[in-house]
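Below: one structure, written as structure tokens.
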Ligand code: XIL
């Protein structure tokens, strides 16, 4: 299995050099046309979890979206509804109702679930951030609050979450621990604490570090490697390293072998690896050249994962341009997903089909 994965990814790396060079304005070549209608999860077979972030509101209101989540993917991540601001909007009042709906759907669809996310600096409830800011919540109390949050949430889903993004975006682009309320109030030990509490609440879940701009070898991924080594030396239960994979066509991409080489460093420490939030945005409007480049961006992430020895989970951050976080967060950018706003396949979708089919 591993041998065929590696050989196929190598072949594809060479083949995709050609597939990104259509004449401007010409129709996109039908890459992967040998298997046009086979869903990604079927092509992935048992070799890989192929996942998507799920927008809970879209899932409950849009039947086409809902059906496609079930047919295309064998893993899901809650895009927002497991985040702290959603699960504890008022202090002490836990609300897992939306997350529970996604868990039920996942079970029905035979899907694994990635938990996202336990300690992060964004999407925190206002009572928490304001309490810290005003001084009402001191460091000792805050540590207890974080512990409670992790034990409650991981405990609620105990035995049903395959991988948890325990610590999200805890290092900045300069490779320093990110300046957040957690670091300022609790000191660097909060990361080890978070993993220990999560492990205590669900000893079987695989616990991940997760961040963006860490797909290749860089100061930031070097810092993660040092952090992972340090945590493991202290016998902290950390099991995986996730590269989010938020790419933009205007920035270019790593090669698949660069991604695999980066993942290999973490695997050498004993960690699993994953691509957790792949999307490839572009400056609008779209054109064929950008859409082909986008296919290449997705391709290197998937091939990088397949080339790595312990990357068994590849998740896209949404799958249709109809529901995407990109336009709201990156002005003038969009079209970051595999399917367009009408759920029609873009070149990127065909490319992932082709990579998966060859890697079988
Ligand atoms: C994003 C969601 O997609 C948006 O809907 C929300 O408004 C903000 O967060 N890195 C992460 C994800 O780890 O949780 C983020 O998700 C995207 C960047």
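The values are calculated or read from the model by the stated rules, or taken from the named source; none is laboratory data. This structure is a prediction, so every number in the text was calculated from the model and none was measured. Note that each Cβ is placed from the backbone with ideal geometry, even for glycine, and that neighbours are counted across all protein chains shown.
Quick notes
- Failed criterion for residue 238 (all others in (1) touching a strand residue (DSSP E or B) at 6+ places or on another chain (Cβ under 9 Å); (2) more than 29 Å from residue 342 (Cα to Cα); (3) free of Cβ contacts under 8 Å to residues at least 40 places away in the same chain hold): (3)
- Check on residue 174, within 18 Å of residue 244 (Cα to Cα), within 16 Å of the ligand (Cβ to nearest atom) and under 22 Å from the mean Cα position of the chain (by Cα): no
- Any hit, the range 350-360, residues being within 16 Å of the ligand (Cβ to nearest atom), in contact (Cβ under 8 Å) with a residue 40 or more places away in the chain, part of a helix (DSSP H, G or I) and surrounded by fewer than 24 Cβ atoms within 10 Å (Cβ to Cβ): no
A quick yes/no check of all residues on (1) over 24 Å from residue 185 (Cα atoms); (2) touching a helix residue (DSSP H, G or I) at 6+ places or on another chain (Cβ under 9 Å); (3) at pLDDT 95 or above:
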residue: 78; (1), (2), (3): yes, yes, yes
residue: 86; (1), (2), (3): no, yes, yes
residue: 115; (1), (2), (3): yes, yes, yes
residue: 130; (1), (2), (3): no, no, yes
residue: 134; (1), (2), (3): no, no, yes
residue: 137; (1), (2), (3): no, yes, yes
residue: 145; (1), (2), (3): no, yes, yes
residue: 173; (1), (2), (3): no, yes, yes
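- Scan of the range 137-168 for residues that are over 26 Å from the mean Cα position of the chain (by Cα) and more than 16 Å from residue 193 (Cβ to Cβ), ordered by number: 137, 138
- For the range 143-150, the count of residues that are farther than 30 Å from residue 67 by Cα, within 16 Å of the ligand (Cβ to nearest atom) and surrounded by fewer than 21 Cβ atoms within 10 Å (Cβ to Cβ) is zero.
- For the range 150-185, the set of residues classified as within 26 Å of residue 220 (Cβ to Cβ) and assigned to a helix (DSSP H, G or I) consists of 150, 181, 182, 183, 184, 185, listed by residue number.
- Annotation: of all residues in the range 151-170 being on the phi < 0 side of the Ramachandran plot and in contact with a strand residue (DSSP E or B) (Cβ under 6 Å, 6 or more places away or on another chain), the one that is surrounded by the fewest Cβ atoms within 10 Å (Cβ to Cβ) is 162.
- Of all residues in the range 298-319, those satisfying the criterion of being on the phi < 0 side of the Ramachandran plot and either within 13 Å of the ligand (Cβ to nearest atom) or more than 16 Å from the chain's Cα centre (by Cα) (or both) are 307, 308, 309, 315, 316, 317, 319.
- Matching residues in the range 321-348 - criterion: being within 14 Å of the ligand (Cβ to nearest atom), under 21 Å from residue 243 (Cα atoms) and not in a helix (DSSP H, G or I): 324, 325, 330, 334, 336, 337
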